[in-house]
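Structure first, then comments.
Bear in mind that the values in this text are calculations on the coordinates, not laboratory data. Nothing here was measured: the structure is a model prediction, and the numbers come from that model. Every residue, glycine among them, receives a Cβ derived from its backbone with ideal geometry; neighbour counts consider all protein chains shown.
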Amino acid sequence: MTHRRGLLIILSSPSGAGKSTLAHMLMDWDPTLAFSVSATTRAPRPGEVDGKDYRFVSEAAFKQMVADGEMLEHAHVFGHFYGSPMGPVKAAIEAGRDVLFDVDWQGAQQIGRSALQDHVLSVFVLPPSIAELRRRLESRGQDAPEVIQKRMQRSWDEISHWDGYDYVLVNDDLELTFERLRTIVAAERLRLPQQPGLVDFVRRLQAEFAKEEQ
C-alpha cells in the first residue's frame, strides 16, 4: 500500500437540492472525513464553540490571513467576513484525510485557483426540477414565503455556474445520487496526484526487475 494525499471535496448546490444531506451521508460512510471549519469575524451565537462551529477571529486578524495567503477562499457576507484557512486543510490532506467543503460557486472557484488546486474534487448538485426545488424548500417549514422566494431567485444564479465543476449530479433519487457521489470520491482518491508514494514504489519494482535481468 502507498500513502495517499487527501482530497479537498467541494459540494455546491442551490438551497434545497440536497447538498447538506449528501455531505452528512458521505461523512457517515467515511468517518475519517474532516469538515472544513470556516473562520469568521462575526460574534459567536449561543451554543457555538470556537474551533468546532467556526474559528472566531477579529477583522484585523482575518484581513492579515488573507494578505498572507492563508485563506483558500473568503467572502464578505452581511457585514462579516468568512473564509477557509489553508493551514488545517493542508495538514489534513498531507496526512491522507479528505476535507469536505460546503461553499458556493465563488468559493469553489477560489479554492480551485489556490495552491492546493491539484487536490480539489468539485461536485455540483442539481435538483430534478425547479418545482421540486420549491417543494423541498417549502416542506422544511423553516422559512417565510418571502425568504423562500429569495432563495429561489438566488438558485438560478447558483445553477448558472454548474459547468465550472468536475462533476454534476442530478439529485432525483437521494440513495442513487449518494452512490454516484461515493463512486466519484473512491475513484478520485486513486488519481496520480493523490498517490505520492507511487514514485518510490515503481522505483522498487524497477530495481527488482533489474536484479531479475542479471
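Based on alpha-carbon centroids, what's the gap between segment 1-55 and segment 165-200 in Å, whole number please? Answer, in whole Å: 17. What net charge do the residues around Ser15 carry, taking every other residue with its C-beta under 14 Å from that of Ser15, with Lys and Arg at +1 and Asp and Glu at -1? Every neighbour counted, the sum reads +1. The residues Ile184, Ile9, Ile93, when put in order of fewest to most other Cβ atoms within 10 Å, stand as Ile184, Ile93, Ile9.
May I ask what percent, to the nearest 5, of DSSP beta bridges between residues of the chain are antiparallel? Walk me through the numbers on the way to the answer.
On the way: 8 of 26 bridges.
Rounded to the nearest five, the antiparallel share is 30 percent.
Applying 1/(1 + (r/R0)^6) with R0 = 22 Å to the Cβ-Cβ distance of Ala95 and Gln117, what FRET efficiency is obtained, to the nearest 0.05?
On the way: r = 19 Å, r/R0 = 0.87.
Once rounded, the FRET efficiency stands at 0.70.
Applying a DSSP loop filter and a limit of 14 other Cβ atoms within 10 Å to the chymotrypsin sites (Phe, Trp or Tyr not before Pro) in segment 23-80 leaves Phe78.
Which FRET efficiency, nearest 0.05, do His161 and Leu198 yield, Cβ-Cβ r, R0 45 Å?
On the way: r = 34 Å, r/R0 = 0.75.
Efficiency for this residue pair is about 0.85.
When P(r) over Cα pairs in 5 Å bins from 0, in percent is computed from the coordinates, the matching label among (i) 1, 7, 15, 20, 20, 17, 11, 6, 2, 1, 0, 0; (ii) 1, 6, 13, 15, 17, 16, 12, 8, 4, 2, 2, 1, 1, 0, 0, 0; (iii) 1, 6, 11, 16, 15, 13, 9, 7, 6, 4, 3, 3, 3, 2, 1, 1, 0 is (ii).
Under the simplified labelling scheme, the Met27-Asp143 pair shows an inter-label distance of 2.1 nm, with each label point 7 Å from Cα along Cα→Cβ. Rounded to the nearest Hz, the phi-derived 3J(HN,Hα) couplings of segment 175-182 under the Karplus curve 6.51 cos²θ - 1.76 cosθ + 1.60 (θ = phi - 60°) are 5, 5, 4, 5, 4, 5, 4, 4, where x marks glycine and proline. Pairs of Cα atoms nearer than 8 Å and 6+ residues apart set the relative contact order; for segment 8-213 it is 28 percent. Distances between placed amide hydrogens fall under 5 Å for Met71 paired with Met86, all partners being 5 or more residues away or on another chain.
Full extension of the chain between Phe35 and Ala186 yields a length gain of 52.6 nm, computed as 0.36 nm times the residue separation minus the alpha carbon distance.
Taking the Cα centre of the chain as the origin, how large is its charge dipole in debye, to the nearest 20, when only Lys and Arg (+1) and Asp and Glu (-1) carry charge on their Cβ atoms?
On the way: 25 positive and 31 negative charges, 51 e Å.
Its charge dipole is roughly 240 debye.
With θ taken as phi - 60° and the Karplus curve 6.51 cos²θ - 1.76 cosθ + 1.60 applied, the whole-hertz 3J(HN,Hα) list for segment 26-36 is 5, 6, 5, 5, 9, x, 7, 4, 9, 9, 5 Hz, x standing for glycine and proline.
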